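See below for the structure under consideration.
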Amino acid sequence: MINTVDKTRVRETHLRRLFFALALPETLQQNIVQWRADNFPPEAGRPIAAANLHLTLAFLGEVSAAKAQILQQQAGRISQSGFNVTLDDIGHWPGSGVIWLGCKNPPRGLLQLAQLLRSQAARSGCYQTPLPFHPHVTLLRGAVRPVALPAKTHNESFRADHFLLYESVFARGRTRYNIVQSWPLAGSERRFDAN
Ligand code: 2AM
């Protein structure tokens, strides 16, 4: 009996750090890393590993299994078309130490998808920042000093034909983003379930 109670408690208290995001195609990740190496000195900040370059749609924070299940069910009911994302903007937020790539004119589909996921998250009790959504791909962290930004980005586009739920895991001094689940955006077939 004692074992049963303990197991239940462990399940309820096991929290995972989760977020919804768009993945970047691998070639684009590699191109960005090359462009970053050519355009930023090593002291500019800590570069994000190629495989970790992504565009966050909604950050959920530390989430229980029960809450994650509800959010996954809601995400599965989203019916939206895919869209193209062009990374033609660059910026620096010295307060958070982030240097990023973004979109001068984010596509409406991107804003709608993020808005929906963020409001579903808020309704489930996941704190959402009151700051407006500013879609971006974080390139460097720890960039707290002034830095000369390149005048232009490499201006690459990618097709967002699916969105994903990731778990952020920190182990042996490294952050890894593991795919929990993926959902296609209309007009595409792609689907992946980690479980
Ligand atoms: P960032 O790149 O602007 O730091 C995984 O950690 C992703 O979730 C990152 O892309 C990060 O955005 C975002 N994220 C992390 N902590 C967050 C927070 N407290 N609020 C909003 N987004 C956060």
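The values are calculated or read from the model by the stated rules, or taken from the named source; none is laboratory data. Note that the coordinates shown come from a computational prediction; the quantities given were computed from them, not determined experimentally. Glycine also receives a Cβ, built like all others from the backbone with ideal geometry; neighbour counts cover every protein chain displayed. Ligands, DNA and RNA are excluded from the accessible area calculation, which covers all protein heavy atoms including side chains. Shrake-Rupley method; radii C 1.70, N 1.55, O 1.52, S 1.80 Å.
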Here is a check on your reading of the model: is I78 over 14 Å from E167 (Cα atoms) and assigned to a loop (DSSP other than H, G, I, E, B)? yes
Checked N31, N3 against criteria (assigned to a helix (DSSP H, G or I), open to solvent by 20 Å² or more (accessible area, probe 1.4 Å), at pLDDT below 95 and away from the ligand (no atom under 16 Å from the Cβ)); the one match is N3
Taking region 91-132 as the search range and keeping residues that are of a type in the set (D, E, K, R) and more than 11 Å from the ligand (Cβ to nearest atom), which one is nearest to L22 (Cα to Cα)? R108
Looking only at region 49-79, how many residues end up being without any contact (Cβ under 8 Å) to a residue 12 or more places away in the chain and within 10 Å of the ligand (Cβ to nearest atom)? 0
Restricting to region 102-118, give me the number of residues that are without any contact (Cβ under 8 Å) to a residue 40 or more places away in the chain and either within 16 Å of the chain's Cα centre (by Cα) or on the phi > 0 side of the Ramachandran plot (or both). 7
